[in-house]
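Encoded as structure tokens, the structure appears first; notes follow it.
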Amino acid sequence: MADVTVIGTGYVGLIQGVCLADVGHDVTCVDIDEAKIEMLRAGKSPIFEPGLEELLAKTIASGRITFATPDDGWADLLGDIVFVAVGTPQADNGAADLRFVRSVTSAIAAEATHPFTLVMKSTVPPGTGHALIRRTLADAPVDIAYVSNPEFLREGKALEDWYRTDRIVIGSDTPDAAEAVSALYEAVDAPRVITDIASAETIKYASNAFLSTKISFINEIANLCDVIGADIDAVSHGIGMDTRIGPDFLRAGIGYGGSCFPKDTRALDFIATINGYEFSLLKSVIEVNNRQRLLPVIALVRALPHLHERTIAVLGLAFKPDTDDVRESPAVDIVPLLVEEGCSVKVYDPIAAEVEIPGATRCATVWEALDGVSAAVVITEWGEFATLDWERAAGMMTSPAVVFDGRNCLDPSKVEAAGLSYMAVGRPGAHRTGRSG
Ligand code: UDX
């Protein structure tokens, strides 16, 4: 079993560290955030992810995982295989901000006292690996092999995805290092894609860009369904049955959010542009997604006269269910737009309870949120909303009230049977979202 270090205990690093410890490796997780390290030592997960805290407790008890800060000295913290899993946030120009990746790489390269393999887990644009080798690793006092090993974990399903991934991508110019990284995942029964560094980096971005394209494509078809009176549920089902297309990522709605798709599509567009390539399809994917999240606001402006005098409930803040993550969630754009229109806005999310959205009133229950409102906008397809008692909701909302189902996750007949106007994205019915005449 290998001696592994994981630098960065954010979403990617923590899952990687805990899972590698679970399959038997000795893992040291390092983070500059002391409070986080203390929390992890106490067995508490800083993020909400189903099953993670249990696995954390199990691996801590087994003695195979420990937590440290860089103050303990890099020389003692570096194992034979060192994963870099620090954040690559979006810079103002849309590029990936590689500040943390560069500073960590420089620090470990300068202080290492034995040869090791550096494995890049952070999402870095194509070309980054070779630049790091050229500018930093080549001058290190010890031999450092470089491997790109991108992650494909979905939030909310990260553990499941780690153990049952479709593929493990490993890019390196050093075959022995690639082999050693592949061996770390011996317990995972998945095909390996062993390739060069730039191709591995590109596979990560191209995967996210393709999935984003699928979502923007189905959203455009849904908008068309609204205009021509077709039913997006039937259309998605019908096209998804073609095995060349596949049924996944064909759920229409108010678009993709989260920490990956918006950031990675913009970063890929930036990389294309800076290299002199006009990636027009990708630009359209981004534009469609930006527009899609405006649909609830456009629909409410059209459906409700005197919108500025009304109170609106925003149901769901997380960018998708089973996570408390609100990064790039449509809610973050929609709430301020409604506030700007002059509405009073009440927000409710079953898990993302700590997030403050300026201008909105936070509610502890869905019923508190629905009390006295003219409209409810469903942003996140939480199970609680899909099974909601709409008769009870209608009794609390002011009449005539509207429900905008931004995720096509409600049963329209139940909402309408309660006397509420139902609006969605590409679903037929009496109440269209109003884009056509
Ligand atoms: C994604 C990728 O799936 C994962 O491989 C990558 O490593 C990180 O980014 P994640 O951001 O957790 O994972 O979410 P995912 O489940 O892929 O959904 C992303 C967004 O797309 C969500 O906002 C979701 O609501 C939206 N989506 C997804 C749709 O609008 N329609 C769909 O059919 C599928």
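The values are calculated or read from the model by the stated rules, or taken from the named source; none is laboratory data. Since we're looking at a predicted model, the values are computed, not measured. Positions of Cβ are backbone-derived with ideal geometry, glycine not excepted, and every protein chain shown enters the neighbour counts. All accessible areas refer to the heavy atoms of the entire protein, side chains included, with ligands and DNA or RNA removed. Shrake-Rupley method; radii C 1.70, N 1.55, O 1.52, S 1.80 Å.
Scan the range 268-291 and give yes if some residue there is within 28 Å of ASP324 (Cα to Cα) and of a type in the set (Gly, Ala, Ser), otherwise no. No: zero hits.
Scanning the range 111-138 for residues that are open to solvent by 30 Å² or more (accessible area, probe 1.4 Å), of a type in the set (Gly, Ala, Ser) and out of contact with any helix residue (DSSP H, G or I) (no Cβ under 8 Å at 6 or more places or on another chain) yields one hit, ALA138. Evaluation of ASP97 against the conditions (1) surrounded by fewer than 20 Cβ atoms within 10 Å (Cβ to Cβ); (2) of a type in the set (D, E, K, R); (3) within 16 Å of the ligand (Cβ to nearest atom) shows that the sole unmet condition is (3). Surrounded by fewer than 17 Cβ atoms within 10 Å (Cβ to Cβ), among the β-branched types (Val, Ile, Thr) and under 18 Å from PRO125 (Cα atoms) - does that describe any residue in the range 216-239? Looking through the range 216-239, none of the residues is surrounded by fewer than 17 Cβ atoms within 10 Å (Cβ to Cβ), among the β-branched types (Val, Ile, Thr) and under 18 Å from PRO125 (Cα atoms).
In this entry, VAL4 passes the filter for residues that are in contact with a His (Cβ under 7 Å, 6 or more places away or on another chain) and touching a residue at least 40 places away in the same chain (Cβ under 8 Å).
Can you tell me which residues in the range 139-154 are open to solvent by 20 Å² or more (accessible area, probe 1.4 Å), within 8 Å of the ligand (Cβ to nearest atom) and touching a residue at least 12 places away in the same chain (Cβ under 8 Å)? Within the range 139-154, PHE152, LEU153 qualify.
From the list VAL425, VAL347, the lone residue that is surrounded by 22 or more Cβ atoms within 10 Å (Cβ to Cβ) and more than 16 Å from the ligand (Cβ to nearest atom) is VAL347. Report yes if some residue within the range 265-282 is buried (at least 16 other Cβ atoms within 10 Å of the Cβ), within 12 Å of the ligand (Cβ to nearest atom) and not in a loop (DSSP other than H, G, I, E, B); otherwise report no. Yes, the range 265-282 contains a residue that is buried (at least 16 other Cβ atoms within 10 Å of the Cβ), within 12 Å of the ligand (Cβ to nearest atom) and not in a loop (DSSP other than H, G, I, E, B).
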